[in-house]
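Undergrad: Okay, handing you the structure first.
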Amino acid sequence: MQEIHHFFHSLFSLTLDFRVRLFNILALGGTVISLIMALLSLGTGSWGNVLINLVLVAVSGGLFLYSYYSEKYQRCYLITIVMIFLIVFPVMFFTSGGYHGGMPAFFVFAIIFTVLMLEKRRALIVSLLEIVLYIGLCLVAYHFPHFVTPFATEADRLALSLVPSDLGALLHSVEKDFSSHPSSGNNQLVLTIQSDLPEISADPERLIQVITNLISNADRHTQNGTITISLTGEPGWQTICVSDTGTGMSEEMRKNALKGYVSADKDYWRHGIGLYVCHQIITAHGGKIWLKSQEGEGTQVFFSLPEEES
């Protein structure tokens with residue numbers, strides 16, 4: 001017990017330089033946290049995150065022991081910055097949702113750490129390098145969103161409340177809600193419903209979330225046009241289509257639209273996390289979702305839900 005007490009006292013003694021104590025706290029804390037995250041990722045089957053966190057365990061733990069026995073702290077600070085801040089953090093950025101995840105906060109921490117730990121000119125040069133790198137990462141994620149793995153959201157763990165649902169009645173309620181608010185694009189909503197369709201087992205609130213999201217997308221990108229919602233049936237399936245006469249999208253965007261964080265243009269998001277959540281909700285129902293679109297000719301988003309077998 002005394003040996004453990006002496007060990008920790010030697011790490012955090014007030015006689016040590018502030019930067020040394022701070023490094024010891026961060027290295028030891030990073031090792032423990034990364035090990036915990038690796039175990040949690042192992043439980044969810046996220047092998048990529050398991051590997052990244054094990055690398056962090058090895059790097060943080062190795063640097064901690066090396067600095068303790070060698071006392072070559074400036075060298076350890078620089079190795080930490082290069083291996084973790086300039087290599088591991090960029091990889092985690094693209095595997096954890098880009099700037100929609102928590103990595104930008106880590107970027108800020110990395111820059112502050114660099115300024116505090118390195119000496120004078122080296123601190124200035126390396127911190128500027130980090131700033132340029134992190135800005136570049138955000139620009140790449142913005143212009144090439146398909147490089148980014150969407151961060152896991154609540155949509156990945158959907159708990160549906162399935163009840164017998166009349167999709168026609170559900171669409172009428174959505175139409176009534178849309179009509180009670182002015183259209184941002186001065187658009188007309190048209191509803192066409194095939195009659196005599198049976199009820200299906202579904203979560204009405206989740207489906208309303210999907211349809212409302214699709215209507216909102218269509219309304220935002222259509223001016224003085226028409227948004228059409230149709231419900232049709234075929235043996236074993238019922239299909240809803242939300243179509244518009246708006247700006248449409250490029251072929252590349254159409255292919256990636258359901259993957260999450262897809263930009264319509266440089267000014268705002270069209271198909272970001274919203275369409276990704278729609279995809280998760282529909283697939284959780286055992287359904288399928290797809291879209292058709294062409295630039296200048298509008299967009300059609302379809303989703304089909306299974307009927308119960310009789």
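Bear in mind these aren't lab numbers, they're just calculated from the coordinates by the rules spelled out. Worth saying up front: this structure is predicted, and the values here are computed from it rather than measured. So basically every Cβ, Gly included, is an ideal-geometry build from the backbone, and we count neighbours across all protein chains shown.
Undergrad: Cα axis of helix 273-284 to longest principal axis of the chain: angle in degrees, 0 to 90, nearest 10?
TA: Result, in degrees: 70.
Undergrad: Follow-up. Treating the angle as unsigned and between 0 and 90°, give the value, to the nearest 10°, between the Cα long axis of helix 103-117 and the longest Cα principal axis of the chain.
TA: With both axes taken from Cα atoms, the answer is about 20 degrees.
Undergrad: Right, here's the next one. Could you sort 281-291, 193-203 so that the peptide with the highest average Cβ count within 10 Å comes first and the rest follow in order?
TA: Taking the mean over residues of other Cβ atoms within 10 Å, the ranking is 281-291, 193-203.
Undergrad: Lysine pairs in the chain with Cα distance under 24 Å, only those 8 or more apart or on different chains: how many are there? Can you show the working numbers first?
TA: On the way: K72/K120; K255/K266; K255/K288; K255/K292; K259/K288; K259/K292; K266/K292.
Counting lysine pairs in the chain gives 7.
Undergrad: Select from H279, H181, H100 the residue whose mean-square fluctuation is largest in a Gaussian network model of the chain (Cα-Cα springs shorter than 10 Å).
TA: H181
Undergrad: Sequence gap at least 6, Cα distance under 8 Å: using those rules, report the relative contact order of the stretch 77-180 to the nearest whole percent. Spell out each step's value before the answer.
TA: Numbers: 65 pairs, mean separation 34.7, N = 104.
Relative contact order here is 33 percent.
Undergrad: Of the listed values (i) 1.06; (ii) 0.92; (iii) 1.34, grab the one calculated as Cα Rg over 2.2 N^0.38 Å from the structure here.
TA: So the structure-derived entry is (iii).
Undergrad: Another question, if that's okay. Given Cα pairs under 8 Å that are at least 6 residues apart, what percent is the relative contact order of the chain? Don't skip to the end; give the middle numbers.
TA: Details: 442 pairs, mean separation 37.7, N = 310.
Normalised by residue count, the contact order of the chain is 12 percent.
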